[in-house]
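Read the structure below first, then the notes.
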2 protein chains.
Amino acid sequence: MKETIIAPGATLGILGGGQLGRMIASAAARLGLKVHVFNDTPASPAFALADATTCAPFTDEAALRSFAGSVDVATYEFENVPREAAALVAGLVPLRPGVGALATSQDRLAEKRFIADLGIATAPFRPVDDAGDLQAALAAIGMPAILKTRRFGYDGKGQAAIRKAGDADGALAAMKGAPSILEGFVDFVCELSVVAARAPDGSFAAFDICENRHENHILALTSVPAAVSAATAQQAREIAHAIAGALDYVGVFAVELFLTRDAAGAESLVVNEIAPRVHNSGHWTDFGAQTSQFEQHVRAVCGWPLGPAGRYGRVAMRNLIGDDVETWQHHLADPQARLTLYGKEEARPGRKMGHVTLLRDPE
Amino acid sequence: MKETIIAPGATLGILGGGQLGRMIASAAARLGLKVHVFNDTPASPAFALADATTCAPFTDEAALRSFAGSVDVATYEFENVPREAAALVAGLVPLRPGVGALATSQDRLAEKRFIADLGIATAPFRPVDDAGDLQAALAAIGMPAILKTRRFGYDGKGQAAIRKAGDADGALAAMKGAPSILEGFVDFVCELSVVAARAPDGSFAAFDICENRHENHILALTSVPAAVSAATAQQAREIAHAIAGALDYVGVFAVELFLTRDAAGAESLVVNEIAPRVHNSGHWTDFGAQTSQFEQHVRAVCGWPLGPAGRYGRVAMRNLIGDDVETWQHHLADPQARLTLYGKEEARPGRKMGHVTLLRDPE
């Protein structure tokens, strides 16, 4: 295993080549690092900003070994990097965050159990491998509920709602035999996230709590600060801190939360999921915070001091999805808007093409 | 000549591959552009952030043609791009800023005459091609004075001070026969610069006036706002506006100025030189202004609306020159500091390795 003191001039390896990798690469370059991106598709937005690229399947052990041999520290930018690939790299070079965080977040059941074991609230859940499991789970949790594959889901893929008994067979069929999990619906007021960073020495910095609005299961809008009580914001930070500590996490991560409010107006938080990477709901930090989540991730992964996480005024971030990107000229003409595009060739429906950060009180 | 409406996905060509090109490339990538960098040395900081690179001499016409054929619009990041190379590219693809601005700034005599013809104050100057010219020029201007080559000087190179008659022969010899210019000393209080942008439609946006401190002829520190009267700041902007208009300039540029103060305390401005490119004294805009000079340059060159040029509080920018770069950890630990490194391998004395932006009043 290589020495883990990383200095400018060293090479950061990134597993995955999407827009998150692209923005990490940009932040790393600003800090004088070289970047080597490994991804399995030629049209990878991060390739354009990398010093070196490897385009190979995540099952190509020789390519992974060569990649690991060329970098001083490695990270990943999406949580569906196969665990075996991550483990192979982690055996050759420091991988931050580690395989444990990846494995936990890759499996919805393991993730829910991990969170529940920390004494943190989640939606009710039961493992489902077959029709018998599903009936038992529905009996325990009730309806409505949502059946999800345990692995490889994102942006609402691999999910099926069960609102009445007649939905159960179709939902199970939609899982295509994959190990699954039934989750109870949470009657939430809004969706929140905490984006935070933890360094190898355990130091921790959270950005302000985000309020997120999804459309078609894809994040549409993040607003900061979230309209929650100070106590709830503090609790969200404590949840993130506890999760990061339990995972011995290094890097930026997000905890997605549901906010519920009881009849008396009391707020509670329920963890939805953990993203062991920089997160779409943290894109606002790039212009709206003292340190962007991308630089913060690079700092943490390199073992450098975390940057200040303060916020500049009220901030909103809107994703540009599919044809939304055609509004780019409008955003360039708006003095409160800061435009970021990902360099993707084709604006397919549902595809994240870029985002706009809106600075409502810039000073 | 290609169509000049540039949209994200188009390719921006950059002549020159130093840190200025690197930071332009980074800003262009954020706006969804592809970047092709042309430079004559393999160890070019901008290459790492480019989609395509050409490493060839600026005299290689075939390479220049191929470069021009691969881009939708081109710019340059240093003013010593040979005029012939720029003209060749400009004949094939829009070059912004144009050859005229380059040619004017490449020749100190042409530049001084251009400025003086606008009715803007410069140091007294005379062309010097031989010892006879020099004696006549010294008689007209007096001493101390400074002899400079007309072309290819930067950071104090190609300059020799003449403080007494005995210095003249040595100063002339130092020019090595190159066409030269004698300039009178300006008894200045401080050095200032205006960094501003002009778009193809003539719209204009100036960042706040910078106060610059040089050490060993290299910019060491920029502070914003400069400690000058509002009237002087306004005059500096008007000078920049007049120069840009007269050059039909497109892109970001800097005007370096001397501030003088008479016995009664009245301030005057004397133009030192024009830099037809993003400028070291504008690096503070990257974290300290609403739009960075690099994004502003890309916007102007692409014919997009200029961004807002407002400033976030008091800002200072310190260059990290040579071994200064070894202080990188100190800056990362300073919550007011934002670090930018250029990815250069070797920290030679006098070499610009990076810079630190200090945000004194971030909100």
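How many residues does segment A:345-363 contain that are loosely packed, with under 15 Cβ neighbours inside 10 Å and basic (K, R)?
Here the count works out to 2.
Can you tell me which residue within segment A:50-65, out of those that are of a type in the set (A, V, I, L, M, F, W, C) and more than 14 Å from chain B (Cβ to nearest Cβ), is nearest to B:Y342 (Cα to Cα)? First the steps, then the outcome.
The first filter runs over segment A:50-65 and keeps only residues of a type in the set (A, V, I, L, M, F, W, C), leaving A:50, A:52, A:55-56, A:58, A:62-64.
Those left that are additionally more than 14 Å from chain B (Cβ to nearest Cβ): A:55-56, A:58, A:62-64.
On the way: A:C55: 26, A:A56: 29, A:F58: 31, A:A62: 32, A:A63: 29, A:L64: 28 Å.
Per the criteria, the residue is A:C55.
Looking at (1) assigned to a strand (DSSP E or B); (2) under 25 Å from A:A10 (Cβ atoms); (3) of a type outside the set (F, W, Y); (4) within 14 Å of chain B (Cβ to nearest Cβ), find the lone condition where A:V252 falls short.
(4)
Please enumerate the residues belonging to segment B:255-278 that are buried (at least 18 other Cβ atoms within 10 Å of the Cβ) and not in a strand (DSSP E or B).
B:P276, B:R277, B:V278
Going by the conditions given, is A:P308 farther than 24 Å from A:F204 by Cβ, within 9 Å of chain B (Cβ to nearest Cβ) and either not small (G, A, S) or not in a strand (DSSP E or B) (or both)?
no
With B:R96, B:R22 as the choices, which residue is of a type in the set (K, R), touching a helix residue (DSSP H, G or I) at 6+ places or on another chain (Cβ under 7 Å) and more than 12 Å from chain A (Cβ to nearest Cβ)? Outline the logic, then answer.
Working: B:R22 fails: more than 12 Å from chain A (Cβ to nearest Cβ).
Sole residue among the options that is of a type in the set (K, R), touching a helix residue (DSSP H, G or I) at 6+ places or on another chain (Cβ under 7 Å) and more than 12 Å from chain A (Cβ to nearest Cβ): B:R96.
Scan segment A:284-297 residue by residue and report those that are under 14 Å from the mean Cα position of the chain (by Cα) and within 12 Å of chain B (Cβ to nearest Cβ).
Within segment A:284-297, just A:F294 meets the criteria.
Return the only residue of B:A226, B:A240, B:A246 being surrounded by 20 or more Cβ atoms within 10 Å (Cβ to Cβ), under 29 Å from B:V128 (Cβ atoms) and not assigned by TED's automatic domain parsing to the domain that holds B:A74.
Values: B:A226 fails: under 29 Å from B:V128 (Cβ atoms); B:A246 fails: surrounded by 20 or more Cβ atoms within 10 Å (Cβ to Cβ).
After applying the criteria, what remains is B:A240.
From A:F47, A:F38, grab the single residue that is buried (at least 21 other Cβ atoms within 10 Å of the Cβ), away from every other protein chain (no Cβ under 14 Å) and not aliphatic (A, V, I, L, M). Spell out how you get there, then give the answer.
Working: A:F47 fails: away from every other protein chain (no Cβ under 14 Å).
Step by step, each of A:F47, A:F38 is checked, and only A:F38 is buried (at least 21 other Cβ atoms within 10 Å of the Cβ), away from every other protein chain (no Cβ under 14 Å) and not aliphatic (A, V, I, L, M).
List the strands (runs of 3 or more DSSP E) that sit entirely inside segment A:1-111 and contain at least 2 residues that are within 23 Å of A:G303 (Cβ to Cβ).
On the way: elements: A:11-15, A:34-39, A:52-55, A:73-76.
The qualifying strands (runs of 3 or more DSSP E) are A:11-15, A:34-39, A:73-76.
With (1) surrounded by fewer than 20 Cβ atoms within 10 Å (Cβ to Cβ); (2) away from chain B (no Cβ under 14 Å); (3) not acidic (D, E) as the list, and A:V73 as the residue in question, which single condition is left unmet?
For A:V73, the exception is condition (1).
In segment B:201-216, what residues are assigned to a loop (DSSP other than H, G, I, E, B) and crowded, with 18+ Cβ neighbours inside 10 Å?
Keep residues of segment B:201-216 that are assigned to a loop (DSSP other than H, G, I, E, B), which gives B:201-203, B:207-209, B:216.
Those that are assigned to a loop (DSSP other than H, G, I, E, B) and crowded, with 18+ Cβ neighbours inside 10 Å: B:F207, B:D208, B:I209.
Let's see how each residue does on (1) surrounded by 13 or more Cβ atoms within 10 Å (Cβ to Cβ); (2) hydroxyl-bearing (S, T, Y); (3) farther than 15 Å from A:R108 by Cα; (4) modelled with pLDDT under 95:
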{"site": "A:G153", "(1), (2), (3), (4)": "yes, no, no, yes"}
{"site": "A:A165", "(1), (2), (3), (4)": "no, no, yes, yes"}
{"site": "A:G177", "(1), (2), (3), (4)": "no, no, yes, yes"}
{"site": "A:I181", "(1), (2), (3), (4)": "yes, no, no, no"}
{"site": "A:G184", "(1), (2), (3), (4)": "yes, no, no, no"}
{"site": "A:E191", "(1), (2), (3), (4)": "yes, no, yes, no"}
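From (1) facing chain A (nearest Cβ under 9 Å); (2) on the phi < 0 side of the Ramachandran plot; (3) without any contact (Cβ under 8 Å) to a residue 60 or more places away in the chain, pick out the condition that doesn't hold for B:G313.
(2)
Can you give me the number of residues within segment B:223-249 that are more than 18 Å from the chain's Cα centre (by Cα), outside any helix (DSSP H, G or I) and of a type in the set (S, T, Y)?
1
Of the residues that sit in segment A:1-19 and are away from every other protein chain (no Cβ under 14 Å) and surrounded by fewer than 24 Cβ atoms within 10 Å (Cβ to Cβ), which one is farthest from B:V356 (Cα to Cα)?
Selected residue: A:M1.
May I ask you to say which residue of B:L172, B:L219 is over 23 Å from B:L259 (Cα atoms) and in contact (Cβ under 8 Å) with a residue 40 or more places away in the chain? Break it down stepwise before answering.
Details: B:L219 fails: over 23 Å from B:L259 (Cα atoms).
The unique qualifying residue is B:L172.
Among the numbered criteria (1) over 30 Å from A:L147 (Cα atoms); (2) surrounded by fewer than 24 Cβ atoms within 10 Å (Cβ to Cβ); (3) away from every other protein chain (no Cβ under 13 Å), which single criterion is violated by A:D324?
With (1) over 30 Å from A:L147 (Cα atoms); (2) surrounded by fewer than 24 Cβ atoms within 10 Å (Cβ to Cβ); (3) away from every other protein chain (no Cβ under 13 Å) applied to A:D324, the lone miss is (3).
For segment A:61-78, state whether one or more residues are under 17 Å from the mean Cα position of the chain (by Cα) and within 29 Å of A:G184 (Cβ to Cβ).
yes
Every residue in segment B:167-204 that is in contact with a helix residue (DSSP H, G or I) (Cβ under 7 Å, 6 or more places away or on another chain) and aliphatic (A, V, I, L, M), please.
Across segment B:167-204, the qualifying residues are B:A168, B:L172, B:I181, B:L182, B:L192, B:V194, B:V195, B:A196, B:A197, B:A199.
Give segment A:345-363 a look and list any residue that's within 12 Å of another protein chain (Cβ to nearest Cβ) and in a loop (DSSP other than H, G, I, E, B), or say none.
Of everything in segment A:345-363, those that are within 12 Å of another protein chain (Cβ to nearest Cβ) and in a loop (DSSP other than H, G, I, E, B) turn out to be A:E345, A:E346, A:A347, A:D361, A:P362, A:E363.
Out of all the residues in segment B:328-344, which are surrounded by fewer than 22 Cβ atoms within 10 Å (Cβ to Cβ), within 7 Å of chain A (Cβ to nearest Cβ) and part of a loop (DSSP other than H, G, I, E, B)?
Residues satisfying the conditions are B:A333, B:P335.
Which one is nearest to B:R213 (Cα to Cα), of the residues in segment B:280-300 that are among the small types (G, A, S) and part of a helix (DSSP H, G or I)? Explain how you work it out, then say what you get.
We begin by selecting, within segment B:280-300, every residue among the small types (G, A, S); these are B:281-282, B:288-289, B:292, B:300.
Filter again for part of a helix (DSSP H, G or I), leaving B:281-282, B:288, B:300.
Values: B:S281: 10, B:G282: 13, B:G288: 18, B:A300: 28 Å.
If we take residues in segment B:280-300 being among the small types (G, A, S) and part of a helix (DSSP H, G or I), then B:S281 is nearest to B:R213 (Cα to Cα).
The values are calculated or read from the model by the stated rules, or taken from the named source; none is laboratory data. Please read these numbers as outputs of a predicted model, since none were measured by experiment. Here the Cβ is made from the backbone with ideal geometry for all residues, glycine too, and neighbour counts use every protein chain on show.
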